[in-house]
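Peer 1: Here's a structure for you.
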Amino acid sequence: MTIRYHVTVSRYRDEWRAVCPALRRHGADIGGETREEALTHIDNAIQMILAQMQTDGIPPPPDETVPDSVVLTFVAEGDAE
């Protein structure tokens, strides 16, 4: 299964914040010193969240479309493209 999530990336004080609204309550709100670092961190966080949901048998929540966002794509473990 392939799933896509919208992620916002913005400057907040002295760091960059990356947030996935659909997974925010699961911890998908993370920072970095650069925009690229914040995107790498949120990508890793989303992968961990989705893996835990799969382990727990919880279906991933639907994406929330956000204007001016970045779309990240993930393939569920065990799936081949």
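Values in this text are rule-based calculations from the coordinates and carry no lab data. Remember, it's a predicted structure, so these values are computed and weren't measured experimentally. FYI the Cβ positions are ideal-geometry reconstructions off the backbone, even for glycines, and counts take in every protein chain you see.
Peer 1: Give the Rg (one decimal place) followed by the Dmax (whole number) of the chain, computed from C-alpha coordinates and expressed in Å.
Peer 2: My reading of the Cα-based Rg and Dmax gives 12.6, 40 Å.
Peer 1: To the nearest 20 debye, what is the magnitude of the charge dipole of the chain about its Cα centre, counting +1 on the Cβ of each Lys and Arg and -1 on the Cβ of each Asp and Glu?
Peer 2: Here the size comes out at about 280 debye.
Peer 1: Which of the peptides 5-14, 58-67, 18-27 is most tightly packed, and how do the rest follow, going by the mean number of other Cβ atoms within 10 Å of each residue?
Peer 2: In decreasing order of mean packing, 5-14, 58-67, 18-27 become 18-27, 5-14, 58-67.
Peer 1: Continuing with the same structure: Using the beta-carbon distance between Thr2 and Glu33 and R0 = 25 Å, what value does 1/(1 + (r/R0)^6) give for FRET efficiency, to the nearest 0.05?
Peer 2: 0.25
Peer 1: Please name which of Met1, Cys20, Ala76 has its Cα lying farthest along the dipole of the chain towards the positive end, using unit charges on Cβ (Lys, Arg +1; Asp, Glu -1) and the Cα centre as origin.
Peer 2: Of Met1, Cys20, Ala76, it is Cys20.
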